1. Based on the mean of other Cβ atoms within 10 Å per residue, sort peptides 161-172, 206-217, 288-299, 320-331 so the most packed one is first.
2. Hey, could you get me the Stokes-Einstein D for the range 103-222, Kirkwood radius over alpha-carbon pairs, 37 °C and 0.692 mPa s, rounded to whole µm² s⁻¹?
3. For the chain, divide the Cα radius of gyration by the Kirkwood radius and give the resulting Rg/Rh value with two decimals.
4. Show me 29-38, 130-139 ranked by packing, highest mean number of other Cβ atoms within 10 Å first.
5. If you stretched the chain out fully between residue 113 and residue 326, how much longer would it get, using 0.36 nm times the residue separation minus the C-alpha to C-alpha distance?
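Each value in this text was obtained by applying a stated rule to the coordinates, not by laboratory testing. No experiment lies behind these values; they were computed from the predicted model shown. Glycine also receives a Cβ, built like all others from the backbone with ideal geometry; neighbour counts cover every protein chain displayed.
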């Protein structure tokens, strides 16, 4: 079953009958993909239940924005008629897009009185991927800084049982916010969920801030993970069985579940090799070289009118190689090697 079917199967079980689990964290982590402007209050005392959110949003308008939002709306519909989820309160909604970042976040209060903060991730768009890859040379980025500010302002005195999560870039932001939050908030954080999100530069993984929350991190990736294998991350991650291949597995609606939760599996050899080769490749490059590599790769996609990672096939990669003429030899060779690691081998 997929995540919508699994949510439906949990429908009659409240949080007393079945305590909060890892799949609940994933379900709540993808809600911020839905634009909730003028529906969920932004840092006011008001809150709105999932059941009432579904009554207020313009579903037809939102469905036109792509598959991910369309599927998330189907999930939200299921949650709204579920005993387990319909009375979860949503508040502190934030969504910002500017020249430096795309940032989204949402706070939720569950019937068991726990608090869940979800950070929005990126979809399959080239723009979204570019933001993930910028983490290879930039820390903290604008979104990472804002995640910490958001967490510090969202948590109140009575919020004692706190969980934070996110899918894709949202998983990175969840960890980053917890690493750098105020000292009196950190002990109240129970778990931090990273669902196939990119990692950090080695300096951050070795930092005392990261070490202070490392044991609270729960990471989940699909069998053929790509985004989750970027940079350094916890070595203790769970692998989930998924439909389709390669980058399509980044979409959590392709992950597989049974009545007990995630169907766990083993990491695909290509994904494991990608993790090793990508890390070694980036370690050899200076920060300016990483910046140059990432900028050239995404400029190439834009010049060739590739707007979505679903459009990247082996045939299109070889066509892209032909448009490297304006680059110097060293840059060209680095770019070819990097793209072969990512998309072919």
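1. Working: 161-172: 28.0, 206-217: 14.2, 288-299: 16.8, 320-331: 11.8.
Highest to lowest by the protection proxy: 161-172, 288-299, 206-217, 320-331.
2. Values: Rh = 14.2 Å.
Translational D for this selection: 231 µm²/s.
3. On the way: Rg = 19.8 Å, Rh = 20.6 Å.
Looking at the chain, the ratio lands at 0.96.
4. Values: 29-38: 21.9, 130-139: 19.8.
The densest-packed peptide leads the list: 29-38, 130-139.
5. On the way: separation 213, 0.36 × 213 = 76.68 nm, distance 5.83 nm.
Here the segment from residue 113 to residue 326 would lengthen by 70.9 nm.
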